[in-house]
1. What does the accessible area per residue of the chain come to in Å², with a 1.4 Å probe and no ligands, DNA or RNA counted?
2. Please turn the phi angles of the stretch 137-153 into ³J(HN,Hα) values with the Karplus equation 6.51 cos²θ - 1.76 cosθ + 1.60 (θ = phi - 60°), one per residue in order, whole Hz, x for glycine and proline.
3. Rounded, prolate or oblate: pick one for the chain, where a ≥ b ≥ c are the square roots of the eigenvalues of its C-alpha gyration tensor, a/c under 1.5 means rounded, and failing that, prolate if a/b is larger than b/c, else oblate.
4. With all protein chains present, how much of the accessible area of the stretch 67-219 (probe radius 1.4 Å) comes from carbon and sulfur, to the nearest whole percent?
5. Using the Cα centre of the chain as origin and beta-carbon charges of +1 (Lys, Arg) and -1 (Asp, Glu), tell me which of Y124, T231, L59 is placed farthest towards the positive end of the dipole.
6. With springs only between Cα atoms under 10 Å apart, run a GNM on the chain and tell me which of T176, T231, T185 wobbles the most.
7. Just give me a number: lysine pairs in the chain, eight or more positions apart or cross-chain, with C-alpha atoms less than 26 Å apart.
8. Name the shape class, rounded, prolate or oblate, that the alpha-carbon gyration tensor gives for the stretch 107-227, where a ≥ b ≥ c are the square roots of its eigenvalues, rounded holds for a/c under 1.5, and otherwise prolate holds if a/b is larger than b/c and oblate otherwise.
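The values are calculated or read from the model by the stated rules, or taken from the named source; none is laboratory data. Computed from a prediction, not measured in an experiment: that's the story for all the values here. All Cβ positions, even for glycine, are placed from backbone atoms using ideal geometry, and neighbour counts span all protein chains on display. Just the protein is used for accessible areas: all its heavy atoms, side chains included, with ligands, DNA and RNA removed. Shrake-Rupley method; radii C 1.70, N 1.55, O 1.52, S 1.80 Å.
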Amino acid sequence: MSITIAGMNTPTRRLELLGSTNFRDLGGYVGHAGRQIRWRRLFRSDHLAELTPQDVAALSALGLTRVCDFRGVQERMVHPCGIPGAKVHALSIEPTVVQGMQSLLAAGKVLTPQVTVELMEQTYRDFVRDNSPRFAELFAHLLHDDSPLVFHCTAGKDRTGFAAALILTALGVPRTVVMQDYLLTNDFYRQPKTSSTLASQEVLDVLWKVQARFLEAALQTVEAGHGDLDTYLSNAIGLGPAERRRLHALYLG
């Protein structure tokens with residue numbers, strides 16, 4: 001689903017911006033007790049450095065002033081946030097896949113699609129093992145108030161995709177629907193034009209798209225370490241019963 005700038009009053013999943021291809025609303029999904037997630041409160045996106053004046057006007061009309069940025073330090077420096085006046089909260093998770101690919105090449109290994117899949121799966125496992133505090137910070141911002149907020153990384157698919165899965169799960173959205181939202185990146189995100197000789201197009205297709213097995217790698221790591229996702233949300237993310245009730249009150253209609 002997409003939306004034109006002129007038609008922004010009608011809730012739809014994707015906001016079709018000129019400078020961002022993966023900007024989406026989490027509203028409308030049915031969560032706890034059959035209540036829908038409120039539209040125009042929670043957004044996920046790729047980076048926001050190339051927004052046009054028309055894009056900025058559209059986002060301003062939404063009242064969007066809170067940004068949670070999962071990108072690493074260098075990523076933020078190269079492509080700073082393009083929303084004037086927005087409060088940007090840096091929740092830094094440094095990218096590791098490209099470094100992993102470079103290390104393999106330096107060791108004389110051949111980069112294949114399967115090797116890249118394995119690197120992506122390891123990245124998702126590390127979200128759980130190494131980066132849970134960053135996702136906990138996101139929830140602290142969500143619990144502060146319900147003013148419109150966007151969370152994003154570079155492509156809006158991996159760090160952002162896991163964060164979206166946690167939010168939707170915490171709001172009671174079924175796992176099958178959580179996965180459907182995750183996979184929407186493949187419908188919307190446009191790969192950056194690159195002349196890199198680091199990898200073949202087949203490898204780049206793995207790198208710039210999402211697969212169900214990537215998110216499943218994270219969820220399996222959650223279950224192995226915590227038993228289930230609800231326990232992980234409580235123990236690692238700080239979302240106990242009171243926090244869960246507040247989250248539902250803020251974001252469910």
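1. 44 Å²
2. Result, rounded to whole Hz: 4, 4, 5, 4, 5, 4, 7, 5, 6, 10, 5, x, 9, 10, 10, 7, 10.
3. Details: a/c = 1.72, a/b = 1.19, b/c = 1.44.
Because a/c hits 1.5 or more and a/b fails to exceed b/c, the chain counts as oblate.
4. Details: 3720 of 6680 Å².
Carbon and sulfur together cover 56 percent of it.
5. Of Y124, T231, L59, it is L59.
6. Largest GNM mean-square fluctuation: T176.
7. Working: K87/K157; K109/K193; K109/K209; K157/K193; K157/K209; K193/K209.
Step by step, the pairs that qualify in the chain add up to 6.
8. Values: a/c = 1.98, a/b = 1.57, b/c = 1.27.
Prolate shape, in that a/c is at least 1.5 and a/b is the bigger ratio.
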